[in-house]
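Okay, so here's the structure we're looking at.
The values are calculated or read from the model by the stated rules, or taken from the named source; none is laboratory data. In this text the structure is predicted, and so the values were computed from the model without any measurement. Here Cβ is always computed from backbone atoms with ideal geometry, including for glycine, and neighbour counts include all displayed protein chains.
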Amino acid sequence: MGLTICSSYPSTVWTSIMFYSPETCGGDGGDFEMMGWWRIEPGACALVYANDLDDLNQFWYYFVHAADGAVWAGPFGANVPRTAYGGDQACWGDQKVTAGTEFESIGFRELDIGDSDDFTLTLIA
């Protein structure tokens, strides 16, 4: 169970997700937790969240950029580390800055999973 992102795109992609998580990111964190970066080769998949999706929320958010410059983005802006990140260091409204960490501005796209406990998103060209 969980959220899986697959790529049928012809170039390597990296993805980041955001989801409702008031236990981890309540208060100044804006109730949303962010995680990234999963590297996904063409034709491969990555399990990016390994629990029941519907237990948290119907709406999930993702951002993807490809080695060739293609981007899957949306209007929900955030500053995220350029290296792997997650947990309480990556709350949407309260990013904790670690010395030497480089950040980039991205825009998450909304994904409506309905009442699914398990969902696969496939990226296409």
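Key figures for this structure:
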quantity	calculated
Strands (runs of 3 or more DSSP E) wholly inside region 1-105 that include at least 1 residues being over 24 Å from ASP118 (Cα atoms) and not small (Gly, Ala, Ser)	76-81
Pick from region 66-93, criterion modelled with pLDDT under 95, of a type outside the set (A, V, I, L, M) and surrounded by 15 or more Cβ atoms within 10 Å (Cβ to Cβ), ranking: nearest to LEU123 (Cα to Cα)	PHE76
Flag if GLY2 is modelled with pLDDT under 90 and either in contact with a Lys or Arg (Cβ under 6 Å, 6 or more places away or on another chain) or surrounded by fewer than 18 Cβ atoms within 10 Å (Cβ to Cβ) (or both)	no
